[in-house]
Amino acid sequence: MLLGLCELLLLAASLCVATYARYFRDAEGLAEFTHHLPERALVFATVIVIGMVALGQYQAHMRMTRFGLLARQAVAFVLGGVLLVIGYYIVPQAYVGRGVLAIALALGFVLVMGCRIFFLQLVEVEALKRRVLILGAGTRAAQIHFQMRRRTDRRGFSVVGYIPHASETVVVPPEHLIRTNLPLCAYVQREQIDEVVVGVDDRRGHLPMDDLLECRQQGTTITDLTSFFERESGRLQLTVLDPSWLVFSGGFNGTPLRQLSKRCFDLVAASMLLLLCWPLMLLEVLAIRLESGPGQPILYRQERVGAHGCTFMLLKFRSMRTDAERDGIARWASKNDDRVTRVGRISRKLRVDELPQLWNVLKGDMSIVGPRPERPQFVHNLESQIRYYSLRHCLKPGLAGWAQLSYPYGATVEEAAEKLKYDLFYVKNHNLLLDLLILIQTVEVVLFGRGAR
């Protein structure tokens, strides 16, 4: 949020500077183009920021090189520039001039890149991170050490150490353990701990509740290990998840107001996407017909599992041979699958084959955003092997989703379990803003072909 606000202000300032730089010798032109300049600057900055959101530039756990950052920002500015040109064509009163737009884009690109490099260096400063103490050093607590090892996973916090408990087997490496004779609250105060994460293997009767209460009174945040994983990684860690936490934690918003807002969002977004993408869908129909010849099906209907386990017929453009499953056995798509046609390989990469699912959204079988719809055969198998898998079906499946953004295509039980962590995070935390952000960031998935098979 802070980075986005700073870059929004820099981009708005870029358009203002560009306007004065372009017309500083033309008083009449300057007077014309500075009329409603704050509003025009805000529109310019907002559209470019939306382009950057679409390219995943504000993801908290983004991992890439400086060159990758530069390339994504360049694509974001091109995307934002195209959107601005379209907007100026629709609303001519907002037009700022080609020279002003070019100067503003160039100046904004440099300023945003400088701000982003400075910000990324700033968040790595240890003194600015939250100091976190882990209560526990057993199997549960050790998952912070083993599952969140990357620097990008720990941008917001620094682990001071792990305090082992007498009732558990220590799994954390010895160099990360803290042995102290001080009471917990005294140690927390001395080391200026900002947050204590409770990760003891067996909490029944083994927690120092008086010490934790005193720490809380001193202003230290006390967090459950599951909630810590949810907040810092954007997923629910299945190995530390228990039913009581799911029951008593917040989220799972299923109120009538939320259902109404989600349905309205689905209808508006699906209608807009159909209006924008119908030429692309027509080209796909022609390409399939040219490759496969007359008499071959254009659309592919397949049974999928929807909300509350009810099945529906999902529509897709056919991207595989008609005899892809001639033996009747359902199979996940593999990398470089030889069942995929030449047209299908391109359409699957660009996600064009999924556009007919917009009809499923309009019918109410699917949402624009939600867990990926799976086939009944896969669901039956996965529910028997992965705990909590059925929870993903408390919402309608989606054309786009948090798991699709955060994890590549899953074609094994292990990969399905990893994707489930992100699906459950979405099921628990879904709201209108998150849906909008996921839909915008899906542009990145399409442009870079992430997770396609």
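Laboratory data are not the source of any read-out in this text; all were calculated from the coordinates shown. Keep in mind the model is a prediction, meaning the values are calculated, not measured. Glycine also receives a Cβ, built like all others from the backbone with ideal geometry; neighbour counts cover every protein chain displayed.
Here segment 2-122 is treated as a Stokes sphere of Kirkwood radius computed over C-alpha pairs; at 25 °C and 0.890 mPa s its diffusion coefficient rounds to 167 µm²/s. The calculated FRET efficiency for the pair GLU303 and ARG149, based on their C-beta separation and a Förster distance of 56 Å, comes to about 0.85. For the pair ALA166 and ALA186, a Förster radius of 25 Å applied to the C-beta separation gives a FRET efficiency near 0.85, rounded to the nearest 0.05. For segment 313-453, the Kirkwood hydrodynamic radius from C-alpha pairs, put into Stokes-Einstein at 4 °C and a viscosity of 1.567 mPa s, yields a diffusion coefficient of 82 µm² per second. Here segment 30-44 and segment 216-262 have alpha carbon centers that stand 44 Å from each other.
Compared with the rule-of-thumb size 2.2 N^0.38 Å for a compact globular protein, segment 128-233 has a Cα radius of gyration ratio of 0.98. With contributions of -39500 (n - 2.57) from each DSSP H run of at least four residues, the per-residue ellipticity at 222 nm computed over the chain stands at -17000 deg cm²/dmol.
For segment 95-153 versus segment 174-212, the inter-centroid distance based on Cα atoms is 29 Å. Of all lysines in the structure, the ones whose alpha carbon falls short of 19 Å from that of LYS349, not counting any fewer than 8 places away in one chain, are LYS316, LYS335. With kT/(6 pi eta Rh) evaluated at 10 °C and eta = 1.306 mPa s, and Rh the Kirkwood radius from Cα pairs, the chain diffuses with a coefficient of 63 µm²/s according to Stokes-Einstein.
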